[in-house]
1. Across the range 80-113, what is the total count of residues that are away from ligand 1 (no atom under 14 Å from the Cβ), farther than 15 Å from Ile23 by Cβ and touching a residue at least 40 places away in the same chain (Cβ under 8 Å)?
2. Spot the failing condition for Ile197; the list is (1) under 14 Å from Gly122 (Cα atoms); (2) surrounded by 16 or more Cβ atoms within 10 Å (Cβ to Cβ); (3) in contact with an Asp or Glu (Cβ under 9 Å, 6 or more places away or on another chain), and only one is missed.
3. Could you say which residue among Glu116, Glu95 is farther than 21 Å from Leu31 by Cβ and charged (D, E, K, R)?
4. Do we have any residue at all in the range 42-62 that's within 12 Å of ligand 1 (Cβ to nearest atom) and either over 30 Å from Asp200 (Cβ atoms) or modelled with pLDDT of 95 or more (or both)?
5. Just the residues that are of a type in the set (Gly, Ala, Ser) and open to solvent by 40 Å² or more (accessible area, probe 1.4 Å), please, taken from the range 157-178.
6. Residues that are more than 20 Å from His73 (Cα to Cα): list the strands (runs of 3 or more DSSP E) wholly contained in the range 100-204 that include at least 3 such residues.
7. Does the range 71-78 contain any residue that is open to solvent by 10 Å² or more (accessible area, probe 1.4 Å), within 15 Å of ligand 1 (Cβ to nearest atom) and touching a Cys at 6+ places or on another chain (Cβ under 7 Å)?
8. Out of curiosity, is Ser121 under 17 Å from the mean Cα position of the chain (by Cα) and either under 28 Å from Leu161 (Cα atoms) or of a type in the set (Ser, Thr, Tyr) (or both)?
Amino acid sequence: MNAETESQDRARWQACPGDALLIVDVQNDFLPGGSLAVPQGDAIIPILNRYIDVFMSQGLPVYATRDWHPERHCSFRAQGGPWPPHCVADTHGAEFSAALTLPPAATVISKATAAERDAYSGFQGTYLDSRLRAAGVRRLFVGGLATDYCVLNSVRDALRLGYEVLLLTDAIRAVDVRTGDGQRAEAEMARLGAQRISLDGLSA
Ligand code: VGL
Ligand code: ZN
């Protein structure tokens, strides 16, 4: 990481009314031991739990997306897709990590629920945008898995839809099918206007 990105990650921030936390796909199948494990995906969980604490203590909303596929989803190899079977609805692999302290009040958004199409963005084919608008959310703090797929596509859509985006650089991890995919995704999100922050920039 160069000096400039490092200092960007330390940008001071506070959460305030109009802000929401968006946690992307922190599900067992994307964690070590899962069928599509993201390297070190579990390392983000304690960090996300601290972001959750910040939002809950201020009465600010938390949203969690989940990949929620039918058994023979088009993204699975047997159907000609790129991935091993993962996050099949109502299986253990599709459950949020038990280590994630998701509050009962969190809004859960299921995506990619139809067999014939995939959706990497939490906004694609869901009510996420209308739920956020109804709650008066204008700025999204985004973390989760995976940097180069569902985080990237959710952030692209959020920016296109007019939300301000703060990317939680200490609470994302990449699949890195090709080396550097995660870094390229982070660079693209920054170029599109996402601001990079991390926990150490939290103002007391
Ligand atoms: C994802 C690959 C396949 C993700 C979902 O959540 O980033 N990646 N399905
Ligand atoms: Zn998937």
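The values are calculated or read from the model by the stated rules, or taken from the named source; none is laboratory data. Computed from a predicted model, the values in this text were never measured in an experiment. Here the Cβ is made from the backbone with ideal geometry for all residues, glycine too, and neighbour counts use every protein chain on show. Just the protein is used for accessible areas: all its heavy atoms, side chains included, with ligands, DNA and RNA removed. Shrake-Rupley method; radii C 1.70, N 1.55, O 1.52, S 1.80 Å.
1. Result for the range 80-113: 1.
2. Among (1) under 14 Å from Gly122 (Cα atoms); (2) surrounded by 16 or more Cβ atoms within 10 Å (Cβ to Cβ); (3) in contact with an Asp or Glu (Cβ under 9 Å, 6 or more places away or on another chain), Ile197 violates only (1).
3. On the way: Glu95 fails: farther than 21 Å from Leu31 by Cβ.
Exactly one of Glu116, Glu95 is farther than 21 Å from Leu31 by Cβ and charged (D, E, K, R), namely Glu116.
4. Taking the range 42-62 first, the residues within 12 Å of ligand 1 (Cβ to nearest atom) are none.
No, every residue in the range 42-62 fails to be within 12 Å of ligand 1 (Cβ to nearest atom) and either over 30 Å from Asp200 (Cβ atoms) or modelled with pLDDT of 95 or more (or both).
5. Filtering the range 157-178 for residues of a type in the set (Gly, Ala, Ser) gives 158, 162, 171, 174.
If the condition is that a residue be of a type in the set (Gly, Ala, Ser) and open to solvent by 40 Å² or more (accessible area, probe 1.4 Å), then Gly162 is the only one that fits.
6. Values: elements: 107-111, 139-145, 164-173, 195-197.
Of the strands (runs of 3 or more DSSP E) lying wholly inside the range 100-204, those with at least 3 residues that are more than 20 Å from His73 (Cα to Cα) span 139-145, 164-173, 195-197.
7. Looking through the range 71-78, none of the residues is open to solvent by 10 Å² or more (accessible area, probe 1.4 Å), within 15 Å of ligand 1 (Cβ to nearest atom) and touching a Cys at 6+ places or on another chain (Cβ under 7 Å).
8. Details: under 17 Å from the mean Cα position of the chain (by Cα): yes; either under 28 Å from Leu161 (Cα atoms) or of a type in the set (Ser, Thr, Tyr) (or both): yes.
So Ser121 passes the test.
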